[in-house]
Amino acid sequence: MFSLLSLIETAYAQCACPAGDDRCICLNTGYSGSLPELIVRVVYFLSYAIGAFCTVAFIVGALMIVISRGQEPFLPRGKTLMIESLIGLALVLGAQGILRIVVSVLYGAG
């Protein structure tokens, strides 16, 4: 009979964490590792996704400027979009750097 207890036992039976490691966590996603590693992976994934979004926004802003041909309503909107996407990219890179520093100071890994 299928039960929640058997599901939990199955999830932990597939765990590849060392026996004495208290910092190791196992998720039913196939990931087994320490919590700082999981946080770093999630933040890196989000930073890559946001970085890609900022790059696309920058290109859209540049296209708005080029296509506007000097017309007033589109020129400032494209310029603002380009500046805001660069600010967003700088924030993402700064957050990634701060995370590396914090993880290396607290856990000695990064």
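Computed from the coordinates by the stated procedures, all read-outs in this text should not be read as laboratory data. These figures come from a predicted structure and were not determined experimentally.
Averaging 1/r over every pair of different alpha carbons in the range 34-107 and inverting the result gives a Kirkwood radius of 13.8 Å.
For Ser34, the residues whose amide H sits under 5 Å from its own are Ile25, ignoring neighbours fewer than 5 places away on the same chain, with H placed 1.01 Å from N. Based on C-alpha pairs under 8 angstrom that are at least 6 apart in sequence, the range 34-107 has a relative contact order of 37 percent.
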